[in-house]
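Structure record follows, encoded as structure tokens.
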Amino acid sequence: MSGSQRNWSLEMDPDGIAWLGLDCEGAAANTLGHDVMVELNERLVEIERMPPRAVVVWSAKDNGFIAGADISEFTGLTDSGRAYELVRGGQQVLDRLEGLPCPSIAAIHGFALGGGLELALACSHRVAAEEDASFGLPEVMLGIHPGFGGTVRAPRLIGGPAALDLMLTGKNIRAGQALKLGLVDRLAPRAELRAAARQLALAPPPRRRARLGLRLLQLPLIRSIVASQARRQVGRRARAEHYPAPYAIVSLWERFGAQGQGAYEAEARSIAGLFLTPTSRNLVRVFFLQNRMKALGGKQARKFKAVHVIGAGVMGGDIAAWCAYRGMSVTLQDRELRYVEPALRRAREFFSRRCRRPGQADECMARLRADVEGRGASDADLVIEAIFENAQAKRELYSRLEPMLRPEALLATNTSSIMLEDLARGLADPGRLVGLHFFNPVARMLLIEVIRGQATREVALQDALAFTRQLDKLPLPCRSAPGFVVNRILMPYMMEAMFAAESGIPLEVIDRAAVDFGMPMGPVELADTVGLDVAMNVGRILAEAFGREAPARVSELVEAGHLGRKSGRGYYVWRDGKPVKDATAATAPADLQDRLVLQFVNESVACLREGVVADADLLDAGMIFGTGFAPFRGGPIHYARERGVEEVITRLEDLELRYGPRFRPDEGWSTLTALRP
């Protein structure tokens with residue numbers, strides 16, 4: 001054999017089958033970096049010289065097949081021509097794999113994502129482990145699309161609509177669904193995957209291709225209709241000026257219908273341009289920020305087996321259900337069984353929707369039980385308090401609870417606004433108290449604020465971070481401070497929207513200005529969704545802590561019982577879970593978007609200055625995953641730097657002159673003026 005063999009091994013067995021195995025050197029997972037692709041090309045040249053009976057491509061990594069391309073190689077690209085060369089080179093390697101004069105079988109266990117799935121698509125056949133194989137083309141989440149031929153080969157294999165759905169959503173699918181779609185030819189138990197691949201190699205069936213009905217969709221007129229429908233669906237979720245990649249995917253399908261060499265060339269040109277867009281740069285940044293947060297849990301972290309949750313309201317009940325779903329034994333306590341039973345019903349409904357494996361929902365339910373007497377606290381690794389927001393009530397609970405706890409047990413509060421120093425008063429061991437601030441809905445929201453008080457021990461903080469990762473959530477470590485991070489930054493933003501409403505700007509105009517910026521929903525709708533009583537309570541705490549004024553209208557609505565979505569009326573009237581809005585609302589004032597966004601940004605700088613969060617990157621990550629701050633803008637601090645710190649300061653000063661001291665630039669801007677994106 002010639003050339004490098006650092007990543008790819010090539011072995012021939014007695015049946016004439018070549019086993020081409022990938023084990024990326026020094027990496028936890030296989031990725032298709034430049035060196036890996038060059039080496040693959042060398043191995044394929046060897047195979048072409050002396051064609052075997054068949055080739056099986058497999059992974060020597062236990063965790064999966066191939067995770068995709070090496071994203072880090074694209075972050076430094078500044079020239080679309082160089083980007084095109086890299087992508088086109090990768091395409092040509094997979095063209096060589098597809099063109100081998102013998103069958104090729106991808107034997108897939110674990111993940112086959114992005115470029116990994118594209119490599120599998122270039123093989124003539126695919127066999128997957130039925131227990132753990134998963135497939136996806138998630139490039140759209142990074143502001144790009146498949147670039148190693150995936151926009152062509154996927155539609156050819158499973159048809160345009162299904163391929164578009166995979167590429168436009170970026171979702172993962174399990175082995176069973178992949179078989180139904182025709183993405184794989186056969187499933188096998190993981191222990192028998194190699195044997196199943198051998199069977200395919202020795203007796204390969206005809207190559208799969210999309211069914212005739214799906215191939216008819218490739219006709220130009222029908223293709224145009226499918227593309228129009230896809231654009232409308234994308235338009236409900238993302239704007240072309242914010243997220244160009246999904247629209248590029250649809251255009252490639254509409255222009256070429258996954259046919260001809262021109263389709264590959266156009267794919268390479270398209271992704272090369274997308275690599276250099278601000279959207280892709282910032283979404284890649286978000287990807288790396290997410291990985292950093294995942295790493296905060298630690299590799300040698302404590303494992304939690306038993307959790308006791310006190311407070312069976314919506315938040316406490318949903319926390320308990322999620323812990324049970326993630327494999328922990330959970331006891332749920334409240335004053336009487338009648339308060340726990342609704343939470344158990346919600347949990348069963350959640351498990352029935354979420355669990356796919358037969359019997360899994362029953363297993364989850366068996367791990368969750370009512371515990372009115374609170375006996376589970378004495379056996380728990382972690383006790384989570386999720387009662388109402390009253391410091392005295394929480395302290396009284398802790399005084400009864402603490403003598404029951406094991407010495408190594410962690411005590412956590414789900415408070416959204418009360419400082420830990422206040423709650424720790426009276427505890428014999430305040431070092432074990434941490435904040436675990438979940439967000440509603442628990443199952444959907446990725447972020448958990450992990451809060452450290454002055455007395456919290458380092459080991460308790462690390463254990464809380466580990467627990468967060470065990471829940472498959474993203475931890476944001478922060479210092480105990482009024483409102484912590486997410487509520488601290490959200491409140492001025494929402495309050496500014498309320499001030500704007502009191503000045504006569506229509507609610508719909510205010511919300512539209514935020515959505516136009518890239519927020520998932522407007523601040524008025526957000527306040528109604530959170531609950532105006534909750535917003536008023538947190539706003540009052542922050543107003544007292546920082547000397548801010550509060551809009552009068554919110555108090556009037558709360559006093560009248562208009563609490564937002566949960567009561568059917570707040571700022572908006574709510575019907576069927578949605579706010580009733582006037583689609584003909586007027587044009588927004590020129591400064592409205594800045595009034596909203598710069599409140600958000602200015603408060604972010606204040607949190608950074610006060611050391612509530614360790615650094616700007618973690619703060620940006622927290623705001624993206626905790627509040628939905630427009631991901632394609634990279635976070636509030638990153639946005640300010642890209643816009644220009646001096647420009648933002650000047651704009652805040654202009655707004656201060658017009659609207660008052662709530663827009664005064666925070667002192668922390670001085671530390672950012674010398675920094676550039």
Q | Residue, surrounded by the most Cβ atoms within 10 Å (Cβ to Cβ), within the range 219-238, restricted to residues that are in contact (Cβ under 8 Å) with a residue 60 or more places away in the chain and more than 14 Å from HIS145 (Cβ to Cβ) | A | ARG223
Q.
Cβ-Cβ distance below 6 Å, separation of 6 or more or different chains: which pairs start in the range 188-213 with a residue that is under 26 Å from ASP62 (Cβ atoms) and end on one that is in a helix (DSSP H, G or I) and at pLDDT 95 or above?
A. ALA188/ALA196
Q: Tell me, please, whether a residue that is part of a loop (DSSP other than H, G, I, E, B) and either in contact with a Ser or Thr (Cβ under 7 Å, 6 or more places away or on another chain) or without any contact (Cβ under 8 Å) to a residue 24 or more places away in the chain (or both) can be found in the range 434-442.
A: no
Q) Looking at the range 407-422, which of its residues are farther than 19 Å from VAL307 by Cβ and either part of a helix (DSSP H, G or I) or in contact with a strand residue (DSSP E or B) (Cβ under 7 Å, 6 or more places away or on another chain) (or both)? A) SER416, LEU420, GLU421, ASP422
(Q) Could you tell me how many of the residues in the range 471-493 are surrounded by 24 or more Cβ atoms within 10 Å (Cβ to Cβ), part of a helix (DSSP H, G or I) and among the hydrophobic types (A, V, I, L, M, F, W, C)? (A) 3
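This table checks each residue for (1) in contact with a strand residue (DSSP E or B) (Cβ under 8 Å, 6 or more places away or on another chain); (2) among the β-branched types (Val, Ile, Thr).
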residue: VAL57; (1), (2): yes, yes
residue: ASP70; (1), (2): yes, no
residue: TYR84; (1), (2): no, no
residue: GLY90; (1), (2): yes, no
residue: VAL93; (1), (2): no, yes
residue: GLY99; (1), (2): no, no
residue: GLY114; (1), (2): yes, no
residue: LEU117; (1), (2): yes, no
residue: HIS125; (1), (2): yes, no
Q: Could you tell me which of the residues VAL330, VAL372 is in contact with a Leu (Cβ under 7 Å, 6 or more places away or on another chain) and either over 27 Å from LEU420 (Cβ atoms) or among the polar types (S, T, N, Q) (or both)?
A: VAL372
Q: Please enumerate the residues belonging to the range 98-120 that are over 14 Å from LEU166 (Cα atoms), buried (at least 23 other Cβ atoms within 10 Å of the Cβ) and in contact with a helix residue (DSSP H, G or I) (Cβ under 8 Å, 6 or more places away or on another chain).
A: SER104, ILE105, ALA106, ALA107, ILE108, HIS109, LEU119
Q) What strands (runs of 3 or more DSSP E), lying completely within the range 261-380, carry at least 3 residues that are in contact (Cβ under 8 Å) with a residue 60 or more places away in the chain? A) 306-310
(Q) Being part of a loop (DSSP other than H, G, I, E, B) and within 23 Å of PRO138 (Cβ to Cβ) is true for just one of VAL250, VAL234, VAL184. Which residue is that? (A) VAL184
Q: Kindly indicate whether PHE288 is surrounded by 18 or more Cβ atoms within 10 Å (Cβ to Cβ) and among the aromatic types (Phe, Trp, Tyr).
A: no
Q) How many residues does the range 47-74 hold that are closer than 22 Å to GLY116 by Cβ and surrounded by 13 or more Cβ atoms within 10 Å (Cβ to Cβ)? A) 19
(Q) Of everything in the range 75-91, what is in a helix (DSSP H, G or I) and either free of Cβ contacts under 8 Å to residues at least 24 places away in the same chain or exposed (fewer than 13 other Cβ atoms within 10 Å of the Cβ) (or both)? Give them in sequence order. (A) GLY81, ARG82, GLU85
Q. Among the residues of the range 576-588 satisfying the criterion of being closer than 16 Å to ILE505 by Cα and surrounded by 15 or more Cβ atoms within 10 Å (Cβ to Cβ), which is nearest to the chain's Cα centre (by Cα)?
A. LYS581
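The values are calculated or read from the model by the stated rules, or taken from the named source; none is laboratory data. Just so it is clear, the structure is predicted and the values come from calculations on it, not from any experiment. Reconstructed Cβ throughout: ideal geometry from the backbone, glycine too, with neighbour counts over all protein chains shown.
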